[in-house]
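**Q** I have a structure I would like to understand better, so I am pasting it below and will then ask my questions one at a time.
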Amino acid sequence: MTEQPSRRLLLVHAHPDDESINNGATMARYAAEGAQVTLVTCTLGERGEVIPPELAHLNGPALGRHRMGELTTAMGELGVRDVRLLGGPGRFADSGMMGLPDNEDPGCFWQADVDEAAALLAEVIRETRPQVLVTYDPDGGYGHPDHIQAHRVATRAAELAAAAGHGPARVYWNRVPRTTAEAAFARLGEELRGLPFDRAATVDDVPGVVEDERIDVEIAAGDTPYAAAKAAAMRAHATQIEVAGSCFALSNALAQPLFTTEYYELAAGQPLPEARATDLFAGLAADAGAAS
Ligand SMILES: [Zn+2]
């Protein structure tokens, strides 16, 4: 077996684009630092709404294939080489927004058996031995069925891995501190001048906003190349995201701030050695979670 890097990070996401929006700067930083960064995306997002008119003809499997290409380009921008679709591309279909008839498609991720999907992810954990697993909170950040399911599957897979003796040392949820979100939205009106967005989103449109004291780790990219890499990765998801200036919009065309600092709440595992740590691996032994 080839020797693994001493720091190993696994991120579990619902659709191509979620990883770049939530964790792009974090992924770029750890990849550049030589950590092992593995992304598992659960669906191809083939029910997503397409923004550019010239690509509006894409839907279903053709959109899924296109988004797989966007994901590959985005991961090139972040320097991440290990990208996997849970169970292989197309194994789980995009479920669409909550309440749509698509949610009842037996092949969609929302209808997947959690234990079955978790077993597939547990196999990735067995192979890659992450010390750190990043996913969404139980509400999926904002209630999308695939995001909720990604949380359930990631949580169950971490339990299965722990029972087998190689569970991640820490599980984190993606977060945004409330005062940071509010301050960013307060500046947004000013920043929108000259940008192609007509209207702004609100703090309520941002997934995972919580009270500041729940933030355990912040990864600040600031003016580093990691912030630029995140913006480039988001731009690569052109069917889903429009980036302009320090803002971006999804298919609802509502501008929101592009956060170059990413925030995490420790959901399970070893406590952090300090408040607001600046490293997801802070205080972890190099071999935590390694092959036994
Ligand atoms: Zn998503």
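**Q** Could you derive backbone 3J(HN,Hα) for segment 199-214 from the dihedral phi with the Karplus parameters 6.51, -1.76 and 1.60 (θ = phi - 60°), listing whole Hz in sequence and x where the residue is Gly or Pro?
**A** 10, 9, 6, 10, 3, 5, 7, 8, x, x, 6, 9, 4, 3, 5, 7
**Q** Rounded to the nearest 0.05, what FRET efficiency do residue 4 and residue 91 give with R0 = 41 Å and r taken as the Cβ-Cβ distance? Could you check?
**A** Details: r = 26 Å, r/R0 = 0.62.
So, using R0 = 41 Å, E works out to roughly 0.95.
**Q** Right, next: Quick one: which residues, 5 or more positions from residue 247 or on another chain, have an amide H under 5 Å from its amide H? H modelled 1.01 Å from N in the peptide plane, none for Pro or chain starts.
**A** 258
**Q** What per residue convex hull volume, in Å³, do the alpha-carbon atoms of segment 137-199 yield?
**A** Dividing the Cα hull volume of segment 137-199 by its residues yields 126 Å³.
**Q** Let me ask you something else. Please report, to one decimal in angstroms, the Kirkwood hydrodynamic radius of segment 152-237 built from all distinct Cα-Cα pairs.
**A** After inverting the mean inverse Cα-Cα distance, the result is 16.2 Å.
**Q** Sort 146-158, 79-91 for me by packing, meaning the mean count of neighbouring Cβ atoms within 10 Å per residue, highest on top.
**A** 146-158, 79-91
**Q** What dipole magnitude, in Debye to the nearest 20, does the chain give about its Cα centre under +1 on Lys/Arg Cβ and -1 on Asp/Glu Cβ?
**A** In total the dipole reaches around 580 debye.
**Q** With a length cut of 24 Å (Cα positions projected on each helix's long axis) and a Kyte-Doolittle mean of at least -1.0, go through the chain and give me the DSSP H helices that pass. Don't jump to the answer; show the numbers that get you there.
**A** Details: long enough: 60-78 (27 Å, -0.26); 145-163 (27 Å, -0.16).
Taking the DSSP H segments of the chain (at least 24 Å long, mean hydropathy at least -1.0), we get 60-78, 145-163.
**Q** If you don't mind, another one. For segment 92-104, take each phi angle, set θ = phi - 60°, evaluate the Karplus expression 6.51 cos²θ - 1.76 cosθ + 1.60, and give the result in whole Hz per residue in order, putting x for glycine and proline.
**A** Those phi angles translate into 10, 7, 4, 8, x, 5, 4, x, 7, x, 3, 4, 9 Hz.
**Q** Return, for the Cα atoms of segment 1-65, the radius of gyration and Dmax in Å, separated by a comma.
**A** When restricted to Cα atoms, segment 1-65 yields Rg and Dmax of 15.3, 48 Å.
**Q** Please tell me the relative contact order of the chain in percent, rounded to the nearest whole number, where contacts are Cα pairs under 8 Å and at least six residues apart.
**A** Computed over the chain, the figure is 23 percent.
**Q** Taking the chain as a Gaussian network, where each spring joins two C-alpha atoms under 10 Å apart, which residue of 144, 57, 66 fluctuates the most?
**A** Fluctuation is largest for 57.
**Q** List, in order, the whole-Hz ³J(HN,Hα) value for each residue of segment 257-270 obtained from phi through the Karplus relation with A = 6.51, B = -1.76, C = 1.60 and θ = phi - 60°; use x for Gly and Pro.
**A** x, 8, 7, 8, 10, 10, 10, 9, 10, 6, 9, 7, x, 5
**Q** Another one. Please list, in chain and number order, the residues 5+ apart from residue 134 or on another chain whose amide H is under 5 Å from its amide H, with Hs placed from the backbone.
**A** 10, 11, 12, 172
**Q** Let me ask you something else. Taking amide H atoms as placed 1.01 Å from N in the peptide plane, list the residues 5 or more away in sequence, or in a different chain, whose amide H sits under 5 Å from that of residue 268.
**A** Correct list: 171.
**Q** Using a 10 Å cut-off on Cβ atoms, rank the peptides 72-78, 193-199, 18-24 from the highest mean neighbour count down.
**A** Going by the mean number of other Cβ atoms within 10 Å, highest first, we get 18-24, 72-78, 193-199.
**Q** So what is the relative contact order for segment 1-135, in percent, with contacts set as C-alpha pairs under 8 Å and at least six apart?
**A** The normalised contact order for segment 1-135 reaches 31 percent.
**Q** In addition: Which value results for Rg/Rh of the chain when Rg is the Cα radius of gyration and Rh the Kirkwood radius based on the inverse mean 1/r?
**A** For the chain, the value is 0.94.
**Q** Report the full-extension gain for the segment residue 113 to residue 212: residue separation times 0.36 nm, less the Cα-Cα distance, to one decimal in nm.
**A** Full extension from residue 113 to residue 212 adds 32.2 nm.
**Q** Translational diffusion coefficient of segment 236-290 at 10 °C, 1.306 mPa s, Stokes-Einstein with Kirkwood Rh over Cα pairs, in µm²/s as a whole number.
**A** Translational diffusion coefficient: 110 µm²/s.
**Q** Remind me, what semi-axes does segment 1-116 give for its equivalent ellipsoid, largest first in whole Å, using sqrt of 5 times each Cα gyration tensor eigenvalue? Spell out each step's value before the answer.
**A** Values: eigenvalues 146, 63, 25 Å².
The three semi-axes for segment 1-116 are 27, 18, 11 Å.
**Q** Please give the FRET efficiency for residue 159 paired with residue 32, using the beta carbon to beta carbon distance and R0 = 35 Å, rounded to the nearest 0.05.
**A** 0.65
**Q** Counting pairs of Cα atoms in segment 76-137, how many percent are more than 13 Å apart?
**A** 72
**Q** What shape does segment 211-262 take by its C-alpha gyration tensor, where a ≥ b ≥ c are the square roots of the eigenvalues and a/c under 1.5 counts as rounded, a/b above b/c as prolate, and the rest as oblate?
**A** oblate
**Q** Here's another thing I want to ask about it. Among 237, 158, 225, whose Cα lies farthest out toward the positive end of the dipole of segment 151-292, if unit charges sit on the beta carbon of Lys, Arg (+1) and Asp, Glu (-1)?
**A** Final value for the positive-end residue is 237.
**Q** At 1.4 Å probe size, with every protein chain present, just tell me what the per residue accessible area of the chain comes to in Å².
**A** 42
**Q** Let me understand segment 172-221 better: what is its radius of gyration from the alpha carbons, and its Dmax, in angstrom?
**A** Here Rg and the maximum Cα pair distance are 12.6, 37 Å.
**Q** In square nanometres and to one decimal, what's the mean projected area of the convex hull around the Cα atoms of segment 147-292?
**A** Numbers: hull surface 41.2 nm².
Hull-based average projected area comes out at 10.3 nm².
**Q** I've got another one for you. Taking all protein chains in place and a 1.4 Å probe, what share, in percent, of the accessible surface of the chain do carbon and sulfur account for?
**A** Details: 6310 of 12370 Å².
About 51 percent, which is the carbon plus sulfur part of the accessible surface.
**Q** Here's something else I'd like to know. Identify, among 9, 179, 138, the residue whose Cα sits farthest towards the positive end of the charge dipole of the chain, taking +1 on the Cβ of Lys and Arg and -1 on the Cβ of Asp and Glu, with the dipole about the Cα centre.
**A** Going by the charge dipole, the pick is 9.
**Q** Percent relative contact order of segment 56-136, based on C-alpha pairs within less than 8 angstrom and at least six residues apart?
**A** Numbers: 35 pairs, mean separation 14.3, N = 81.
For segment 56-136, the relative contact order is 18 percent.
**Q** What ranking, highest mean first, results for peptides 129-140, 95-106, 30-41 when packing means the other Cβ atoms within 10 Å averaged over each residue?
**A** In decreasing order of mean packing, 129-140, 95-106, 30-41 become 129-140, 30-41, 95-106.
The values are calculated or read from the model by the stated rules, or taken from the named source; none is laboratory data. Given the structure is predicted, the values throughout are model-derived calculations rather than measurements. Glycine also receives a Cβ, built like all others from the backbone with ideal geometry; neighbour counts cover every protein chain displayed. In case anyone asks, the SASA skips ligands and DNA or RNA and just uses the protein heavy atoms, side chains included. Shrake-Rupley method; radii C 1.70, N 1.55, O 1.52, S 1.80 Å.
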